[in-house]
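The values are calculated or read from the model by the stated rules, or taken from the named source; none is laboratory data. Everything quoted here is computed from the prediction, not taken from an experiment. When we count neighbours, we look across all protein chains shown, and the Cβ atoms used for this are built from the backbone with ideal geometry, even at glycine. When the accessible area is computed, the model is the full protein with side chains, heavy atoms only, and any ligands, DNA or RNA have been set aside. Shrake-Rupley method; radii C 1.70, N 1.55, O 1.52, S 1.80 Å.
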Amino acid sequence: MTGLGQDLRYAARGLWRRPGYTVAVVLTLALGIGANTAVFSLIRGIVLRPLPYAEPERLFSVYEEHPQEGPRLASYPTFLDWRRDSRSFEALAFIRGATRILQLRDGSEQVIAGYVSPEYFRAVGQRPLLGRAFLEEEERSGAPVAVISNSLADRRLGGAAAALGATLRLGGAAVRVVGVMPPGFGYPAWAALWMPIASLPAADRSVLSARALHTDSRIVGRLSPGVQLDRVRGEMNTIAARLARAYPAEHEGWTRVGVAPLAAELMGDAEMRLLILQGTVLILLVICCVNLVNLALARGLVRSRELAVRAALGASRRRVVQQLLVESLLLALAGGVAGAVVADWGVGLLKRSAPDVLPRLQEVGLDGWVLAFTAVVALATSVAFGLLPALRVSRPAMLARLADGGERSGIGPGRSRLRSVLVVSELALAMILLVGAGLLLRSFDRLERVSLGFDPDGLVTLRVITPSPGYEEPGRVLELYRRLAESVGAVPGVRAVALTNHLPLTGASMNTQVEVDGRAAGVETESSALFRTVSPDYFGTMRIPILRGRGLQRSDMSQSTGAVVVNQAFVLRYWPNADPIGRRVTVFKSVQPRADFGERLDGTVVGVAGDVRHFSQEDELAPEVYLPYTRNPPLWIQLVARTADDPERLIPALRRAVLSVEPGLPVVGEGLWQGFATMERLLAATRAPRTFSSVLLLAFALTALLMAVVGLYGVISFLVVQREREIGVRMALGARPADMLALVLRSSLRWCIAGIVTGTAGALALNRYIASLLFEVSPNDPVTFVVVALILGAVAAVASLVPARRAALTDPMRTLRSE
Amino acid sequence: MMELRDVERSYQTGPTRTYVLRRIDLTIREGEFVTIMGPSGAGKSTLLGILGMLDHTWTGEFAFVGEAVHALPPKKRVELNKRYIGFVFQKYHLIDDLTVYENLEIPLSYRDVKPKERAAIVGETLDRFQMVGKKDLYPSQLSGGQQQLVGVARAVIARPRLLLADEPTGNLHSAQGEEIMELFTRLNREGTTIVQVTHSEKNASYGHRVIQLRDGWIVAGESAATSPSS
């Protein structure tokens, strides 16, 4: 590489002396490279980086499957059967989750404890960072010991070292911390600490024998080395079929076992969403490069005199290309550094503003791999936008211009063709991204129109965990709930208060089997519905309409009336053509781990409520049964209040109202469920993944539009300057300004139409990849395509109008004189 | 030193072919100071480009210091340019971003002269052209005459055997022009072959002979072919 040092020095000087050009290029690159680096850092941190478990490819989550009803969590007795009969797993572990109150000097907090079976740490293949896992003796005897997560240690206990050996007050009992897990470890994701399953309090121990319990647990298995997945599935299905025969009441039909990679459970659809984003930012980078090629071509033409002089002074073509490449490399280097800064800032912003939108997000950062990626992208970019113009302007024909006095300066047909191709391709790429963003926006709009079935405005909620000891008796629990509702209801600004076991959008739910009389023909004999227990004011507080009959009343709260309300979906499933009022329904007590779990609850339908989207707006509607909460008092309850104005402002007063009833109740916390939360925040949380993808895609698409339009503007302006003499001559020969305006706009229109047509074809080919992100919108939605084409056309017209106007205002005398 | 036989240069313009140079026969001996003259569009600069190995799209035979240029690929022709030829332009064509010193250094770096040796040659050239005090100035900080002086110094710094000059005094006032022509005469006396293109009879008088070009044909001067109009 002869003269590389000299080329570098001169290139740096040249760029320094042209700050406008340099800043424009570096900013463009920073945007393109930064967006790519940011998304890649997410992919690297979330998808590519190994999970914090030994040999994670051998880790699987295991659950029951029904051919029609889908998956369900397995009970502890089922787990024990699996562990006894299976030979495919090196270790198989059960984790039972239970919400507990962690009492600390500076206030209480709700945490979820994972009660784990003995092989848990061997199964996940991770030991504590500090301290130890449980001793065999501790696991057998159920000693009050815990291994805690690194984040809990950091957040509340002064760090891992300080936490080790500390004694916690958990659920009213003393628990000693014997280990702290490494940062980033958290399986299941909800667990803040882990304890031996034998240490479950006596009141909860029924879960260990309830074969019909299918909530709040996970089973994780580590496959034995060399065991194929097919073999495991075959073996587990055989076991499931045997259990179905042995326990028909609990297992009939549940003849299959799902064995899915643990990574899939932990990642959800994050990988797919990130890959779509990476594709998007790659297109954005290509648009940036196309713009830079155009800019470099224009600059190359301006510099052709200098390059020709260099050739005349003895520079070989290789040397001229080298010099131009060195310049683009320097620019790419600066763009790469700026891009890394942009990426770091962007990822930091994402971490702060939407901490839960992606799994493992807090572990994402710019590591060596990400920086290497940035370097490769910067290098590739420099070649992409440097090489083509360098080869073009260093052609002997270009350099020979000097020899004939440069009389033929201007653009040749070949150059013009290249520019056309470049402009059309960036308009087409922008069209593809805009259509993608448009489809997501349409989905968002469709979703906005989906009624939740209740009015979320002004609602605020708190999950109330009853402290223990002291609230083991259902009567005492009910009394506590009643007093809490009363106290909160007395806060000025609160219009109504209600209680329910599971509030929509909080993620909590429980299914119950239902038996109904007079069901319509063809309806299955056994089926299920969401088990909802509510206080009398629930429908009014939530503004859920009662469509027929009446809602639940204060008088129904006594055990005697047996009144139940069902929702519209329930009626449609069981009595589509009959009046449901007065019909008998039987459900089963669902509060675990109470001793009466599974007991029959007979009732009579007194009303039909409107349907509610329980998990998110994208849900299918599910049958629901509402009972008075007094008939099966829950161990924890969701208190919900409707406020007159901004509920966020009332939260301090609501906290005081709760603590005045029971000072031991946790009313603050880190997570969304650990303190008061407005329904608006809960709704935002359910929409977060969609919002994340849509907002980013839209931002990238708008940036692409801006880039494409700037590119179009640049090229048209350049062409106007190039054709100044021709325009001057035409005007001297009698052309009107309008003719010149039309002359320039025609080129622009041609490119725009070509870009829209090509972009439409590209979008039709690519949109199937985002189909899974769409909601009730076809990937080929014609409205979106037409609107995007119109927007692109309009913006392109505006961008062309400025240089076209300049052409129209050309003074022919001045132009021709300057010749 | 060089001999052109039946050299032609043309452009395809639509269906027709436009000739810029027609059947050029020309011999220039080592140590000559030759002037090419003719009206605008006669093909003077094109001929200079061919002599300087910058233009490769001609036909005919061209021998240069014993090498058959017409048989050489463009890359080899660039090598000949590097070894033997220096260029002076009417508009100086100094590189705006480089100082006087760096402008002089450029041809040497293209000839792979080592940095130390380069510094010595540039220093000596600055001295010879009395420009030591201006070595850190940029072209925009120099007068036209000074810029052309740098242009000439840059053209001769690699000690070319042939100096090609395209209207070297076209942008200078008469005193500056005379200075440059005196310089050319001195260089020629020291052994450099010079071919200049000029409109000025006065400048032509500094040379040994004049070649007249018209419409691409040589109409006067040694080896002149017969014009079709004559």
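Mean sequence separation of contacting Cα pairs (under 8 Å, at least six apart), scaled by the length of chain A, corresponds to a relative contact order of 16 percent. Distance from the C-alpha centroid of the range A:293-320 to that of the range A:427-501: 65 Å, rounded to the whole angstrom.
Pairs spanning more than 22 Å between alpha-carbon atoms, out of B:Lys114/B:Lys135; B:Lys82/B:Lys116; B:Lys135/B:Lys202; B:Lys134/B:Lys202; B:Lys82/B:Lys134; B:Lys91/B:Lys114: B:Lys135/B:Lys202; B:Lys134/B:Lys202; B:Lys82/B:Lys134; B:Lys91/B:Lys114.
Here the calculated FRET efficiency for B:Lys116 and B:Tyr11, from their Cβ-Cβ distance with R0 = 60 Å, stands at 0.85, rounded to the nearest 0.05. In square angstrom and rounded to 100, what buried accessible area do you get between chains B and A, total over both, with the probe at 1.4 Å? Buried area between the two chains comes out at roughly 2500 Å².
For the range A:68-254, the percent of C-alpha pairs falling in each 10 Å distance bin, counted from 0 to the bin holding the largest distance, reads 9, 35, 33, 17, 6, 0. A helix-only calculation puts chain A at -16500 deg cm²/dmol for mean residue ellipticity at 222 nm, using -39500 (n - 2.57) for each DSSP H run of at least four residues, averaged over all residues. Which value, in debye to the nearest 20, describes the size of the charge dipole of the range B:113-230 about its Cα centre when Lys and Arg Cβ atoms bear +1, Asp and Glu Cβ atoms bear -1, and nothing else is charged? Computed charge dipole of the range B:113-230: roughly 460 debye. As a check on your grasp of the helix formula, calculate [θ] at 222 nm for chain B: sum -39500 (n - 2.57) over DSSP H runs of n ≥ 4, divide by the residue count, round to the nearest 500. So the calculated ellipticity at 222 nm is -10000 deg cm²/dmol.
Only bridges with both residues in chain A count here: give the DSSP antiparallel percent, nearest 5. Among the beta bridges of chain A, antiparallel pairing accounts for roughly 80 percent. The Rg/Rh ratio of the range B:4-121, with both radii computed over alpha carbons and Rh defined as the Kirkwood radius, is 1.02.
Enter the mean projected area of the convex hull around the alpha-carbon atoms of the range A:701-819, in nm², rounded to one decimal.
Details: hull surface 32.8 nm².
Over every viewing direction, the Cα hull of the range A:701-819 projects on average to 8.2 nm².
When Rg and the Kirkwood radius Rh are both evaluated on Cα atoms of the range A:459-644, their ratio Rg/Rh stands at 0.96. Between B:Ala204, A:Pro19, A:Ile148, the Cα set farthest toward the positive side of the dipole of the protein assembly as shown (charges on each charged residue's Cβ, about the Cα centre) is that of B:Ala204.
Farthest toward the positive end of the dipole of chain B, out of B:Leu149, B:Gly177, B:Ala120, is the Cα of B:Ala120, where the dipole comes from beta carbon charges about the Cα centre. The phi torsions of the range B:166-176, fed into the Karplus equation with coefficients 6.51, -1.76 and 1.60 and a -60° offset, translate into couplings of 9, 6, x, 10, x, 9, 10, 7, 4, 5, 5 Hz, rounded to whole numbers, with Gly and Pro shown as x.
Relative contact order of chain B: what whole-number percent is it, with Cα pairs under 8 angstrom and at least 6 residues apart? Walk me through the numbers on the way to the answer.
Numbers: 414 pairs, mean separation 69.1, N = 230.
After rounding, I find 30 percent.
If you build the convex hull over the alpha carbons only and average its shadow over all orientations, what do you get for the range A:644-719? Give it in nm² to one decimal.
Numbers: hull surface 32.9 nm².
Convex hull of Cα atoms, orientation-averaged projection: 8.2 nm².
Each peptide in B:12-24, A:435-447 was scored by the mean count of other Cβ atoms within 10 Å over its residues; highest first, the order is A:435-447, B:12-24.
Put simply, the C-alpha atoms of chain A give a gyration tensor, and the ellipsoid matching it has half-axes of 64, 32, 25 Å, longest first.
Quick one: accessible area per residue over the range A:272-369, 1.4 Å probe, rounded to a whole number of Å²? Provide the component values of the computation, followed by the final result.
Details: 3620 Å² over 98 residues.
Solvent-accessible surface per residue comes out at 37 Å².
Measuring nothing but protein heavy atoms, the accessible surface of chain A at 1.4 Å probe radius is 59 percent carbon and sulfur. Placing unit charges on the Cβ atoms of the charged side chains and taking the dipole of the range A:68-254 about its Cα centre, the candidate lying farthest along the positive direction among A:Pro128, A:Trp254, A:Leu102 is A:Pro128. Percentage of Cα-Cα pair distances in the range A:35-176 greater than 20 Å, rounded to whole percent? It works out to 61 percent of all Cα pairs. The Kirkwood radius of the range B:76-162, taken over pairs of alpha-carbon atoms, gives through the Stokes-Einstein law at 10 °C and 1.306 mPa s a diffusion coefficient of 123 µm² s⁻¹.
If the chain linking A:Arg155 and A:Glu55 were pulled fully straight, counting 0.36 nm for each residue of separation and taking away their Cα-Cα distance, it would gain 33.1 nm.
Just the number, please: percent antiparallel of the DSSP beta bridges in the range B:2-220, rounded to the nearest 5.
Numbers: 20 of 37 bridges.
Given both bridge residues lie in the range B:2-220, the antiparallel proportion sits at roughly 55 percent.
Taking 0.36 nm per intervening residue step and subtracting the Cα-Cα distance, what contour gain separates A:Leu391 from A:Val757 on full extension? Please list the in-between numbers first.
On the way: separation 366, 0.36 × 366 = 131.76 nm, distance 3.00 nm.
Full extension from A:Leu391 to A:Val757 adds 128.8 nm.
When DSSP beta bridges are restricted to pairs lying wholly in the range A:459-644, around 75% turn out antiparallel.
Cα centroids of the range B:113-135 and the range A:616-648: 88 Å apart.
Ignore the peptide's own chain and count Cβ atoms of other chains within 10 Å of each Cβ in A:300-313; give me the average, rounded. Mind dumping the intermediate values first?
Numbers: counts 0, 0, 0, 2, 0, 5, 6, 1, 3, 11, 5, 7, 15, 18.
Counting Cβ atoms of other protein chains within 10 Å of each residue's Cβ and averaging gives 5.
How large, in Å, is the range A:434-509 by the Kirkwood hydrodynamic radius built from its alpha-carbon pairs? Value: 16.0 Å, from the Cα pair sum.
Quick one: compute the contact order of the range B:130-230, relative version, from alpha carbon pairs under 8 angstrom and 6+ residues apart, as a percent.
On the way: 78 pairs, mean separation 19.7, N = 101.
Reported as a whole number, the value is 20 percent.
Full extension of the chain between A:Leu790 and A:Arg600 yields a length gain of 62.2 nm, computed as 0.36 nm times the residue separation minus the alpha carbon distance. With semi-axes defined as the square roots of five times the eigenvalues of the C-alpha gyration tensor, the equivalent ellipsoid of the range B:120-223 measures 27, 16, 11 Å, largest first.
The translational diffusion coefficient of chain B, from Stokes-Einstein at 20 °C and 1.002 mPa s with a Kirkwood hydrodynamic radius over alpha carbon pairs, comes to 117 µm²/s.
Shielding of peptide B:108-117 by partners, expressed as the average count of other chain Cβ atoms within 10 Å per residue Cβ, is 3. About the centre of its Cα atoms, the range B:2-220 shows a dipole size close to 340 debye [charges on the beta carbon of Lys, Arg (+1) and Asp, Glu (-1) only; nearest 20 debye]. The distance linking the range A:172-216 with the range A:110-148 is 9 Å (Cα centroid to Cα centroid, whole angstrom).
Can you list the DSSP H helices in chain A whose Cα atoms extend at least 24 Å along the helix axis and whose mean Kyte-Doolittle hydropathy is 1.6 or higher? Spell out each step's value before the answer.
On the way: long enough: A:19-42 (33 Å, 1.50); A:229-246 (25 Å, -0.23); A:270-302 (47 Å, 1.83); A:317-353 (52 Å, 0.77); A:368-393 (37 Å, 1.78); A:413-449 (53 Å, 0.70); A:679-722 (60 Å, 1.45); A:737-766 (42 Å, 1.21); A:782-808 (37 Å, 1.79).
Answer set is A:270-302, A:368-393, A:782-808.
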